[in-house]
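*Asks:* Sharing a structure with you now.
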Amino acid sequence: MNSLDQDTGAELSDEEYVVSSRNGCPDHFRLLVQRYQRPLFAFLSSRLGNQSEAEEAAQESFVRAFLSLKKLRKPESFYAWLLGIAGRVLKEQFRAVERRQKDRAVAETLLAENPSSEPEYPLEEVIAVLPESYRQVILMRYYEGLSCQDVATRLEMPLGTVTKTLSRAYALLRQALQARESAETTVN
Amino acid sequence: MNCAECRESLLACLEGLLEAEQSRQCQAHFESCEACRAEYVAISRLQERLTAQGRVAAEVSLVEPVMRVLHHKQIEPERTTLMSILFKSRWGFGLGAVATAAAVLLIIGLAAPKAQAKAADVLAKGAKAVAKLTSIHLRGQLRTLPADNFSYIDANSAFYPIELWKQFPPESKWRIEKPGRVIVMDGQQTVMYIKPANEAVKLPQPTPSAFDTDWLHRIANLSDTINNELRLAQAQGWKLDLAEETAVDGRLKSIVTVHAKSGLSDADYVKNKFFHDADTRRVYRFDAQNERLEAVQIYLVRSGGEVQIFDLSQIDYDQSIDPGVWQLDLPADVSWYKEPEKLPDNAKYTAMTAEQAARAFFEACAKQDWNEAGKFMSPVSQGLKDYLGGLEIVSLGQPFTSQSYGGRFIPYEIKLKDGTVKKHNLAVRNDNPAHRWQVDGGI
């Protein structure tokens, strides 16, 4: 409040980056790519099982996202929306594999094998529904490989706040994963 | 260690942030408590999964490839997407001022009445007019307390001067100063000095904004102001007005007014005390010929009527800034703010309620036990020792919270040693590594 308050101008929200990207600041889209390239790649890689195809799909997803940015109704949900685009790119990629191979079995194998190492509810999808402040800390800690102290420095917040945020983020992630598992069990 | 303490420390334990003894106690508890062990295992598994996913993506670098593709797509003549139309005449990875103007017009033109579209047009042209600045110098005055937070406003206070010098990228630097406080970001680090307290705070990295100065930076960077004001106008339903007038020199002026709402209820304690928590009417005055921003007035809108709280009448564009502006000479005996560290008897303090902590702090001040007072505030400056030393506690009230503040406020009444009675609310927060309540304001 008094001398010790610090704002966190260094990290803008997804919403702010999206709005300024569509208002003519492509540099801000660059920052969104920087923020989400790793979780998006991890998501695609676990589906495709091939690093170069995952990279290609991630690149295509970002390009489509930029060109469709005006259609994004909730800029604060950029990451969830990006994963939706990536899902469509993924389907197209599987179809392309089918066409190229002219062998449906190859694509089926891909679809069947890769999700087996990762359940139907991948972490990246669950991370996407976290409130932004929690998501930001999870992404920095695990996808950027920063220590808790580094996250605290980067976000200009006390270390204790980072560990509390992380702790709460874990709880939310576990709840979301359990909810998806129960839904899956019910369906089956 | 009991279950509650163990759960509290679980994450710190997993992250290796506990001291050896605490870590040993935590591990010992896991051995004996099945429920906590299960919790520990569940979180470890989640952590392992996250670590594995992060490792998969550790080497990926898509930024440049993506931006190259986008660049290529934007300059293709046959592209007819909306974004390519907007960027067609100008693509650069800096400020796309033409595109900004077009996009702004489009958004407002579709979503808002004509008057708002015209107001947005003036703002957008203002951004275009200053899109390639190398530096800016703002000199204005603010109703505040000279040494308080840079965002603090006090409608009953006199005006005090406030100045900003800003050098834009590639070599970003800035300085903001009012009579009792100064911040310098010299390209390497950001340091704030509070003059009466002879106290300084250092962030060891360059920052685009820090220590609650965001509202002033936004005025300096007009493009951000426009994006922000328009975004909020759309999201919060704020109103934009446009008026024109002829100045005494015959030049035409365009005046854009933004009616901003904080979203806080009138009952919230911090409402109208800080820029972001205030309902304001912001008036931007542009020269209609060169389209540059010339002046800004901000009014606090409250039930008793409007009060002007900020007046910016001098804006120097692209003037060379004396290198001395980026230097901050601090007294040799300056006290540096340190984040609270865990004490040998830390548990005694973490177990306190906010009210108990406030009482303990005031009692330490009453006894002039500055070592004890320092456990609730670091550092306790000499000025504060002189002010609070020997006080007498009259009463402490029930803590309360605010929607926009993460700590607690404790109403207090104290009698100072000169006989003055002070009645106010002490702000304390405990979101620090030591989890101790720390005095954060309200003295």
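Read-outs throughout are calculated quantities, based only on the coordinates presented, and are distinct from any laboratory measurement. The structure presented is a predicted model; accordingly, all values stated were derived computationally and were not measured. Don't worry about glycine lacking a Cβ; one is built from the backbone with ideal geometry, like all the others, and counts go over all protein chains shown.
*Asks:* Answer rounded, prolate or oblate for chain B, using the Cα gyration tensor with square roots of eigenvalues a ≥ b ≥ c: rounded when a/c is under 1.5, else prolate when a/b is larger than b/c, else oblate.
*Replies:* Oblate is the answer for chain B, as a/c is 1.5 or above yet b/c matches or exceeds a/b.
*Asks:* For B:SER23 and B:TYR337, compute 0.36 nm times the residue count separating them, minus their Cα-Cα distance, and round to one decimal in nm.
*Replies:* 110.2 nm
*Asks:* How well do other chains shield peptide A:145-157, expressed as the mean number of their Cβ atoms within 10 Å of each residue Cβ?
*Replies:* The per-residue average across the peptide is 2.
*Asks:* Please list A:15-23, B:243-251 highest first by mean number of surrounding beta-carbon atoms within 10 Å per residue.
*Replies:* Going from most to least packed, we get A:15-23, B:243-251.
*Asks:* Among the GluC sites (Glu not before Pro) in segment B:278-357, which ones are in a DSSP loop with at most 11 other Cβ atoms within 10 Å of the Cβ? Mind listing them?
*Replies:* Within segment B:278-357, the qualifying GluC sites (Glu not before Pro) (loop, at most 11 other Cβ atoms within 10 Å) are B:GLU341.
*Asks:* Could you sort out which of B:LYS128/B:LYS253; B:LYS273/B:LYS417; B:LYS118/B:LYS253 sit more than 19 Å apart by Cα distance in this structure?
*Replies:* Distance filter (> 19 Å) returns B:LYS273/B:LYS417.
*Asks:* Packing-wise, with mean Cβ within 10 Å as the measure, how do B:368-378, A:60-70 rank, highest first?
*Replies:* Averaged packing, sorted descending, gives the order A:60-70, B:368-378.
*Asks:* Report the Cα centroid-to-centroid distance between segment B:366-410 and segment B:247-282 in angstrom, as an integer.
*Replies:* Answer, in whole Å: 33.
*Asks:* Separation of segment B:293-361 and segment A:18-92 by C-alpha centroid, Å?
*Replies:* If you average the Cα positions of each part, the centres end up 38 Å apart.
*Asks:* What FRET efficiency comes out for B:ASP322 versus B:GLU291 if R0 is 25 angstrom and r is the Cβ-Cβ distance? Round to the nearest 0.05.
*Replies:* It comes out at approximately 0.30.
*Asks:* How far is it, in nm, from the label point at B:GLU59 to the one at B:ALA267 when both lie 7 Å from their Cα along the line to the Cβ?
*Replies:* 5.9 nm
*Asks:* Across peptide B:422-435, how many C-beta atoms of other chains are within 10 Å of each residue C-beta, on average?
*Replies:* Partner-chain Cβ atoms within 10 Å, mean over residues of B:422-435: 3.
*Asks:* Mind checking the full-extension length gain between B:ALA158 and B:LYS132? Use 0.36 nm per residue of separation minus the Cα-Cα distance, one decimal, nm.
*Replies:* That pair, B:ALA158 and B:LYS132, stretches by 5.8 nm at full extension.
*Asks:* Still on this model: Note the full-extension length gain between B:ASP249 and B:ARG68 as 0.36 nm times their separation in residues minus their Cα-Cα distance, in nm to one decimal.
*Replies:* The span from B:ASP249 to B:ARG68 would gain 60.2 nm if fully extended.
*Asks:* Efficiency by 1/(1 + (r/R0)^6): what FRET value for B:ARG302 and A:SER182, r their Cβ-Cβ distance, R0 = 56 Å, to the nearest 0.05?
*Replies:* Once rounded, the FRET efficiency stands at 0.65.
*Asks:* Would you calculate the separation in nanometres between label points at B:GLU392 and B:ALA4, each defined as 7 Å from the Cα along the Cα-to-beta-carbon direction?
*Replies:* 3.7 nm
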